[in-house]
Amino acid sequence: MGTLKDLKPGQKGCVHGITVDGLMRRKLMDMGVTPGVEIEVNKMAPLGDPIEIRLRGYSLSLRKEDAQNILIVS
């Protein structure tokens with residue numbers, strides 16, 4: 001188990017959980033990042049921030065800071 005931040009472009013994983021609480025947790029869940037959903041990393045910016053992911057049929061960009069709070073099972 002790792003975090004979304006650890007995945008490289010083209011890799012997939014399944015969300016195991018979210019480690020942050022409060023408003024950020026609610027925002028991630030509202031965007032569809034919920035336990036059990038499959039995520040694929042599409043692209044990373046040259047310096048690695050932000051990360052573009054694909055989930056539930058749409059693309060989403062997240063900061064590294066937020067991606068490290070999403071636990072992934074490969």
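Since every read-out is calculated from the coordinates, none of them should be taken as a lab result. Predicted model, so just to flag it, every value in this text is computed and none were measured. Reconstructed Cβ throughout: ideal geometry from the backbone, glycine too, with neighbour counts over all protein chains shown.
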#### Entry: Lysine pair number, Cα distance threshold 16 Å (strictly under), the range 2-73, separation 8 or more or different chains
7
### Query
From the list (i) 17, 13, 12; (ii) 22, 17, 11; (iii) 59, 22, 6, can you say which value of semi-axes √(5λ) of the Cα gyration tensor in Å was derived from the structure given?
(i)
#### Entry: Karplus-derived HN-Hα couplings along the range 43-58 (A = 6.51, B = -1.76, C = 1.60, θ = phi - 60°), whole Hz, x at Gly and Pro
9, 10, 5, x, 9, x, 9, x, 10, 9, 10, 10, 8, 6, x, 9
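Please give the charge dipole size of the chain, origin at the Cα centre, charges +1 on K and R Cβ atoms and -1 on D and E Cβ atoms. Round to the nearest 20 debye. Mind dumping the intermediate values first?
Numbers: 11 positive and 9 negative charges, 17 e Å.
The calculated dipole for the chain is roughly 80 debye.
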